[in-house]
1. Restricting to bridges with both residues inside the stretch 66-168, how much of the DSSP beta-bridge set is antiparallel, in percent to the nearest 5?
2. Given a 1.4 angstrom probe, what's the average accessible area per residue across the chain, in square angstrom?
3. Could you order the peptides 125-133, 218-226 from most to least packed, using the average number of other C-beta atoms within 10 Å per residue?
4. Compute the length gained on full extension between Ala250 and Val98: take 0.36 nm times their separation in residues and subtract their Cα-Cα distance, giving the result in nm to one decimal.
5. Using a probe of 1.4 angstrom, how much of the accessible area of the chain is carbon and sulfur, in percent?
6. Of the residues Glu123, Glu60, Glu180, which exhibits the maximal mean-square fluctuation in a Gaussian network model of the chain defined by a 10 Å Cα contact cut-off?
7. In whole Hz, with x marking every Gly and Pro, tabulate ³J(HN,Hα) for the stretch 105-112 from phi via Karplus 6.51 cos²θ - 1.76 cosθ + 1.60, θ = phi - 60°.
8. To the nearest 10 degrees, how steeply does helix 250-286 sit against the main Cα axis of the chain, on a 0 to 90 scale?
Amino acid sequence: AAAARVHEGATPSPGRSRPAVVKIHPVVVASIVDSYERRNEGASRVIGTLLGTIDKHSVEVTNCFSVPHNESEDEVAVDMEFAKNMYELHRKVSPSEVIIGWYATGYDITEHSVLIHEYYSREAQNPIHLTVDTALQSGKMSVRAYLSAPMGVPGKTVGVMFTPLSVKYVYYDTECIGIELLQKTRTSPSRTNGLTSDLTQVAGSAAQTQEMLSTVLAYIEDVLAGKVTADNSVGRYLMDLVDKVPMIPAEDFETMLNSNINDLLMVTYLTNLTQTQIALNEKLVIM
């Protein structure tokens, strides 16, 4: 581990353009919260490395991992060797993900953050700093992103100023399924919820689609009746939606849907049959 005393900040490396928006995936926030819940006894916060992709106008955070560290009032120690090894392992799995910054739990930026940011400035150009308020000091788990900028008088001690960036939440389709499952635990008395079957998910998706179509139809009817003023942006979304729907006769669509449902039922049946056979085999081996 490398230890350093609190001192003036470092100037970030030039090169990469400064992003205006930080896009965060839900798995990143979940991983940060999990590392905070599993922190060592007596630790006030956890830190870690942010991984993702970069373009001209934004940074997309798709992954992260925690880094062991210790800090006191006068000193902070970070296990840099662990951080390097973890990044090398991640590169073997996802070569497209690069180091884009680091995160820390808490609401404020401390003096120790300057030291840690100095290390990540050597690993990435213009790294971002992400703070996650796991203690809910602001009444909610707010997520903030910052970018460092040097400040001070030339020839004198140079400091670092952290300027805020816009934060936007994005997700893949697979992450959306996990988010919907987590949201269901809010209404569960035990705060837990099990995985549903494939048929239940199809039924839930169909019901949700029907509900959204009812909302769209109600809006269109109100516009035609003059009850609601037409919104051009909504009209463009609806036109884009209609263009994406293929022109399929109702009979062909019903045949295709029934065929897919039959395939799903067959897969479900074979899965249950395989699980039953494995369970019987285990019992026979034990006997």
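The values are calculated or read from the model by the stated rules, or taken from the named source; none is laboratory data. Note that the structure is predicted; figures quoted are calculated from it, not measured. Cβ sites come from the backbone with ideal geometry, for glycine too, and all protein chains shown count toward neighbours. Note: accessible area is taken over every heavy atom of the protein model, side chains too, but ligands, DNA and RNA are not part of it. Shrake-Rupley method; radii C 1.70, N 1.55, O 1.52, S 1.80 Å.
1. DSSP beta bridges in the stretch 66-168 are roughly 75 percent antiparallel.
2. Ligands and nucleic acids excluded, the result is 67 Å² per residue.
3. Values: 125-133: 21.9, 218-226: 11.9.
Per-residue Cβ counts within 10 Å, averaged per peptide and sorted highest first, yield 125-133, 218-226.
4. Between Ala250 and Val98, full extension yields an extra 49.9 nm.
5. The value for the chain is 57 percent carbon and sulfur by accessible area.
6. Checking each option, the largest mean-square fluctuation is seen for Glu180.
7. Here the 3J(HN,Hα) series is 7, x, 9, 10, 9, 9, 5, 5 Hz.
8. Tilt relative to the chain: about 70 degrees.
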